[in-house]
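Below is one structure; the comments refer to it alone.
The values are calculated or read from the model by the stated rules, or taken from the named source; none is laboratory data. Computed from a prediction, not measured in an experiment: that's the story for all the values here. Reconstructed Cβ throughout: ideal geometry from the backbone, glycine too, with neighbour counts over all protein chains shown. Just so you know, the surface numbers come from the protein's heavy atoms only, side chains and all, with ligands and any DNA or RNA stripped out. Shrake-Rupley method; radii C 1.70, N 1.55, O 1.52, S 1.80 Å.
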Amino acid sequence: MDRREIAALLAYIGRLDPRTIRTDQGEARDQLAQWHELLGDVPMATPHGWDARVAARQHIRTSPYQILPADVARPWESYRRDRLARHSDPTPSADPDDQAAWTAELVGTRRAVAAGIAEPAQARAITSGRDGTDPRLEAMLREIGSCIPPAARAALAPYRPARAAREAAIAQGQPDALSVRCDWCRAQPGEPCRRRRIGPDDGVRATAPRATPHPGRLDLAAAQQAQQNEQVQQSAMA
């Protein structure tokens with residue numbers, strides 16, 4: 001803000017809090033010089049959400065203490081930090097071999113974002129969602145059916161027997177046993193069934209994951225799938 005803008009800000013503050021008004025000409029001049037020295041690098045307003053008058057009004061509305069230049073400078077610094085935290089440097093258009101031009105463009109973009117002149121550049125999401133969806137990624141996932149290539153999935157199968165068995169069962173149209181809780185080993189949905197290791201005293205010493213679910217869990221998953229299919233058919237007929 002220049003001296004004229006500082007004077008306008010002080011006049012606005014004086015209307016809201018008469019305690020800040022200086023009737024003596026010398027005191028008013030000193031007040032103007034002090035505020036200009038401390039807020040000379042703070043803009044009056046920016047195109048993207050900052051307004052010094054709003055910060056001043058917020059302080060006067062919520063604090064019983066007389067406003068100081070710091071009560072405007074602190075919100076401005078918070079505004080700058082928030083914008084830079086949400087900013088992801090876009091690739092400069094300058095020649096990458098021209099290090100000076102490349103750096104100057106990056107610095108200029110950051111300064112414009114921090115000063116409220118430009119909006120922060122958001123990093124584009126690489127997964128599907130409401131915002132930042134990449135149509136090419138969605139088409140690729142629809143084509144291959146998974147983010148893991150088939151060759152990699154086959155190579156991982158020996159190290160993930162439970163998951164491999166689950167995927168094979170689903171591919172054959174069988175119910176997903178891991179979608180329900182196992183009443184035998186108490187495995188929760190999504191977890192593989194576990195095998196109990198019995199010691200010489202008939203006590204359970206340890207458990208180990210099974211590659212295949214317990215038969216009771218398969219029956220429960222099949223019953224649940226049949227119930228869901230029946231509900232779908234009834235909804236379609238209604």
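Values as computed for the structure displayed
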{"item": "Positions within the stretch 149-193 being among the hydrophobic types (A, V, I, L, M, F, W, C), open to solvent by 50 Å² or more (accessible area, probe 1.4 Å) and not in a helix (DSSP H, G or I), in sequence order", "result": "184"}
{"item": "Qualifying residues in the stretch 92-125 (those that are part of a loop (DSSP other than H, G, I, E, B) and surrounded by fewer than 10 Cβ atoms within 10 Å (Cβ to Cβ)) - the one modelled with the lowest pLDDT", "result": "96"}
{"item": "Boolean, residue 28 is modelled with pLDDT of 90 or more, surrounded by 16 or more Cβ atoms within 10 Å (Cβ to Cβ) and either in a helix (DSSP H, G or I) or acidic (Asp, Glu) (or both)", "result": "no"}
{"item": "Qualifying position, being more than 14 Å from residue 9 (Cβ to Cβ), touching a helix residue (DSSP H, G or I) at 6+ places or on another chain (Cβ under 6 Å) and not β-branched (Val, Ile, Thr), among 56, 94", "result": "94"}
{"item": "Residue check, residue 13 closer than 24 Å to residue 79 by Cα, open to solvent by less than 90 Å² (accessible area, probe 1.4 Å) and out of contact with any Leu (no Cβ under 6 Å at 6 or more places or on another chain)", "result": "yes"}
{"item": "Qualifying residue in the stretch 57-67 (condition: of a type in the set (Phe, Trp, Tyr), in a helix (DSSP H, G or I) and free of Cβ contacts under 8 Å to residues at least 60 places away in the same chain)", "result": "no"}
{"item": "Residues satisfying the stated conditions in the stretch 134-148, i.e. part of a helix (DSSP H, G or I) and either modelled with pLDDT under 65 or not acidic (Asp, Glu) (or both)", "result": "135, 136, 137, 139, 140, 141, 142, 143, 144"}
